[in-house]
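Shown next, in structure tokens, is the structure this report addresses.
Bear in mind these aren't lab numbers, they're just calculated from the coordinates by the rules spelled out. Here the structure is a predicted model, which is why all the values come from computation and not from measurement. Every residue, glycine among them, receives a Cβ derived from its backbone with ideal geometry; neighbour counts consider all protein chains shown.
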Amino acid sequence: MSGLPIYLDYNATTPCDQKVLDAMLPYFTHKFGNAASRSHAYGWEAEEAVKFAREQVAALINAIPEEIVFTSGATESANLALKGVFEMYGAKGKHLIVAATEHKAVMDTALHLERLGAEISWLGVNADGLINLQELEGAIRTDTLLIAVMYANNETGVVQPIRRIGEIAKRHQVLFFSDATQAIGKVSVDVIRDHIDVMAFSAHKIYGPKGVGALYVRRKQPRVRLSAQMDGGGHERGFRSGTLNVPGIVGFGKAAAICLEKMEPEARRQEALRNKLEAGLLNIEGTVLNGGSKSRLPQTINVSFRGIEGNSLIAGINKEIAVSSGSACTSALPEPSHVLKAMGLDDELANSALRFALGRETTEKEIDFVIDRIGSVVKQFREKQLENFNI
Ligand SMILES: *Cc1c(COP(=O)(O)O)cnc(C)c1O
């Protein structure tokens, strides 16, 4: 075991791979050039490194390098996608279709656009967390600009029927945006096969550095246009101005290349551990699996422990196990997850949810320990409740 607390929050962030860090380091010091400096070797060296990283990132999603726009992360990418489309295609309309289970980066951007006059159709999900394709098709109007459905959910790991959504979008000539931040590097993502037009993702969820991400922007069939959200020197073909984060981009490229190599064996290894964890947790009385259909990431599991407040449980175990409730709630007042509520959970069950997200460094020993610890802590909570009830 690699020490306590055991990290099972890989959907929040991942450690930077040592090989990624090694690739980045020279670009902080002696290879410090600005990739936009065209007049000397320092600039050329940085430009060359960015070019190589762009190829590596593109290869992970079957895109061409010219379709990759580097940003500061998936949040910025989602903002650029939604706001950029809304501003650019205003003549066609102002209707957007957005899944109710989107990450805040997409949901809050859609809400921002709603205040600017966008009309949003929110797509609900079933108990398994999946959208309904007929409902999606029925929501499309002549003035619909964009469909936004995430590839895989960060809280539950539920994977949407992306290729079929892409087919529907294409048939109706509506742009399809997908937040693939959780899918990249865990399952095969192919922008051609999946008919994705615009796609957001991030380095720090795939063992790369924090603060760097990308937006895939399709170049043909159709050629997607976006209104820039960051004006300035015209970097990234005008989509995103600002001096490139060369070390971060180099690390992102390396992380993408490692994913291509490790994805399949790691998915199989982590899935086996996840299934063991799942069986162990479901053995505990009063445990409910959230989003447990076949269509989900291999390394995520979300469960509710009936009658136990999730945050109290987390506080009770966080010296030994680092997990989260799954919803990136930054406010002081914890609200029940909008994702779990959209799946039909009541507030109490939603508030008793925990997300376990495995990663490359997760071992079987750790999983055995976690099953054991969670089992006894849940039992303690239940006994205490019973005592209080009897008093
Ligand atoms: C982490 C995450 C984001 C935000 O990514 P950043 O790079 O941290 O801005 C967006 N969407 C999903 C699904 C995520 O998991």
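For segment 194-339, the relative contact order comes to 13 percent (Cα pairs under 8 Å, sequence separation of at least 6). Modelled spin labels at residue 170 and residue 48, positioned 7 Å past Cα toward Cβ, are 3.8 nm from each other. The coefficient of translational diffusion for segment 91-193, derived via Stokes-Einstein from the alpha carbon Kirkwood radius under 37 °C and 0.692 mPa s, stands at 237 µm²/s. Residues whose amide H falls under 5 Å from that of residue 179, counting only those 5 or more places apart or on a different chain, are 149, 150, 151, 200, with hydrogens built in the peptide plane.
Of all DSSP beta bridges confined to the chain, the antiparallel ones make up roughly 55%.
Over segment 229-279, the pair-distance histogram of Cα-Cα distances with 10 Å bins from zero comes to 22, 24, 23, 18, 12, 1 percent, rounded to whole numbers. Along its principal axes, segment 52-103 has C-alpha extents of 38, 27, 20 angstrom, given from the largest down. Label-to-label distance for residue 268 and residue 346 is 4.4 nm, based on points extended 7 Å past Cα in the beta-carbon direction. Net length available on complete extension from residue 318 to residue 19 is 104.7 nm, with 0.36 nm assigned per residue and the Cα-Cα distance removed. For the chain, the longest principal axis of the C-alpha atoms and the axis of helix 41-60 are separated by about 50°. Counting only DSSP beta bridges whose two residues both lie in segment 169-251, roughly 60 percent are antiparallel.
For the chain, taking Cα atoms only, Rg and Dmax work out to 21.7, 80 Å respectively. Gain on full extension, evaluated as 0.36 nm per residue between residue 225 and residue 289 minus their Cα-Cα distance, stands at 18.9 nm.
For the pair residue 190 and residue 387, a Förster radius of 51 Å applied to the C-beta separation gives a FRET efficiency near 0.40, rounded to the nearest 0.05.
Taking the Cβ of each residue in 109, 363 as the centre, tally the other Cβ atoms inside 10 Å and list the residues starting with the fewest.
Going from least to most buried by this count: 363, 109.
Remark: segment 262-391 projects, on average over all directions, an area of 8.9 nm² (convex hull of Cα atoms).
Put simply, the convex hull of the Cα atoms in segment 20-92 casts, on average, a shadow of 6.8 nm². Entry note, the chain: relative contact order of 23 percent, from Cα contacts under 8 Å with a spacing of 6+ residues.
Its residue count N sets the reference 2.2 N^0.38 Å, and the alpha-carbon radius of gyration of segment 231-314 equals 1.73 times that reference. Spin-label model, residue 36 to residue 134: label points 7 Å out along the Cα-to-beta-carbon direction sit 5.2 nm apart. Shown for 29, 13, 75, 101: other C-beta atoms within 10 Å of each C-beta, ranked fewest to most, produce the order 29, 13, 75, 101.
Per-residue 3J(HN,Hα) values for segment 213-225, derived from phi via the Karplus relation 6.51 cos²θ - 1.76 cosθ + 1.60 with θ = phi - 60°, read x, 8, 10, 7, 10, 4, 9, 8, 6, x, 7, 7, 10 Hz in sequence order (x marks Gly and Pro). Shown is the FRET efficiency for residue 279 and residue 379, computed with R0 = 22 Å from the Cβ-Cβ distance and rounded to the nearest 0.05: 0.80.
By count of other Cβ within 10 Å, fewest leading, how are 176, 201 ordered?
Listed from fewest to most nearby Cβ atoms, that is 176, 201.
Computed from the C-beta positions of residue 306 and residue 369 and an R0 of 30 Å, the FRET efficiency is 0.80 to the nearest 0.05.
Pairs from the table (262/341; 31/254; 31/186; 92/186; 205/276) lying more than 26 angstrom apart at Cα are 262/341; 31/186; 92/186. Annotation: amide H of residue 144 has no partner in the under-5 Å range at sequence separation 5 or more or interchain, hydrogens built in the peptide plane.
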